[in-house]
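Take a look at the structure below.
The values are calculated or read from the model by the stated rules, or taken from the named source; none is laboratory data. None of these values were measured; they are calculated from a predicted model. Neighbour counts are summed over all protein chains in view; Cβ atoms, including those assigned to glycine, are modelled from backbone coordinates with ideal geometry. Surface accessibility is based on the protein's heavy atoms, side chains included, excluding ligands, DNA and RNA. Shrake-Rupley method; radii C 1.70, N 1.55, O 1.52, S 1.80 Å.
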Amino acid sequence: AILAIGMTSLILPGGIDLSVGSIAGLAGMVAGALILNGVTLQPLGVVVYPSVPVVIAIVLALGGVAGLFNGVLVARFRIAPFIATLGVLYVARGAAMLLSNGATFPNLVGRPDLGNEGFPLLGSASVLGLPVTVILLAVIALVAAFAAKDTPFGRWVYAIGGNERAALLSGVRVERVKVAVYVISGVCAALVGLIVSSELVAAHPASGETFELSAIAAVVLGGASLSGGRGTVGGAGTCACVIGV
């Protein structure tokens, strides 16, 4: 459902992102590497183990960078979204494999002496009887729905999907909006990767395979048009839950 919300922001202006599953897999692997192996500072000869909030921030930023790369390829270099994001799919999946030579990062619970405990809570903790993941989904859905309906950015996204040329002539900065929605999709994908690896307390380089197909299916079944200009966050989220059931 989180992937579907990010994908909705892309499909509304007529884009698509095939790399979200691979970005999710890469995000989980980066989180696993940071928790198990830390970051080696070569000049100082020391290994730094970031805390869980820092790990989450780094991984979300990585997802944003991957989305930014997709957006620049599509908006600035005019590469077809299908081709650009397919290339990033392979790059992200290959990077995930290289991080561990194809192996799994297991037992991502952290160590008290290193101050990096608590990662499994993201996928297993509950607040007032509700799983944290469900709360995250609800917050993201509400923010996305508000942005789509009640902000200028949301109107720009719909305008680009309806008629990109007309939107450009009316003053919408089409390239910037396109890059922004790819960044949003990349951050959502990274969050999904964090949640999956947290639930499993492990990270595998093949994690996230075919996630992009489920996300696209949820958006289309929710009433969105692949040509852009039509669709809602609520429809995508609801159909993602239907697919899950």
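Observations, loosely collected:
- Enumeration of residues in the range 98-116 that are closer than 19 Å to ILE58 by Cα and assigned to a helix (DSSP H, G or I): LEU98, LEU99, SER100, LEU114
Residue by residue, here is whether (1) open to solvent by 50 Å² or more (accessible area, probe 1.4 Å); (2) closer than 19 Å to MET7 by Cα holds:
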position	(1), (2)
GLY45	yes, no
VAL54	yes, no
ILE79	yes, yes
ILE83	yes, yes
GLY94	no, no
THR104	yes, no
VAL109	yes, no
ASP113	yes, no
LEU137	no, yes
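- Residues that are surrounded by fewer than 21 Cβ atoms within 10 Å (Cβ to Cβ) and of a type outside the set (Ser, Thr, Tyr) were ranked within the range 19-43; the one that is farthest from TYR90 (Cα to Cα) is PRO43.
- Test: residue in the range 18-32 that is part of a loop (DSSP other than H, G, I, E, B), closer than 20 Å to LYS178 by Cβ and within 20 Å of the chain's Cα centre (by Cα): yes
- In this structure, ALA166 qualifies as surrounded by fewer than 16 Cβ atoms within 10 Å (Cβ to Cβ), more than 18 Å from the chain's Cα centre (by Cα) and either among the aliphatic types (A, V, I, L, M) or within 22 Å of THR85 (Cβ to Cβ) (or both).
- Hits in the range 139-163 - residues which are assigned to a helix (DSSP H, G or I) and open to solvent by less than 50 Å² (accessible area, probe 1.4 Å): ILE140, ALA141, ALA144, ALA145, ALA147, ALA148, GLY154, VAL157, ALA159, ILE160, GLY161
- Residue, nearest to ILE11 (Cα to Cα), within the range 185-209, restricted to residues that are more than 14 Å from the chain's Cα centre (by Cα) and open to solvent by 20 Å² or more (accessible area, probe 1.4 Å): ALA206
- Filter result for SER214 (of a type outside the set (Asp, Glu), over 17 Å from GLY162 (Cα atoms), within 18 Å of the chain's Cα centre (by Cα) and surrounded by fewer than 24 Cβ atoms within 10 Å (Cβ to Cβ)): yes
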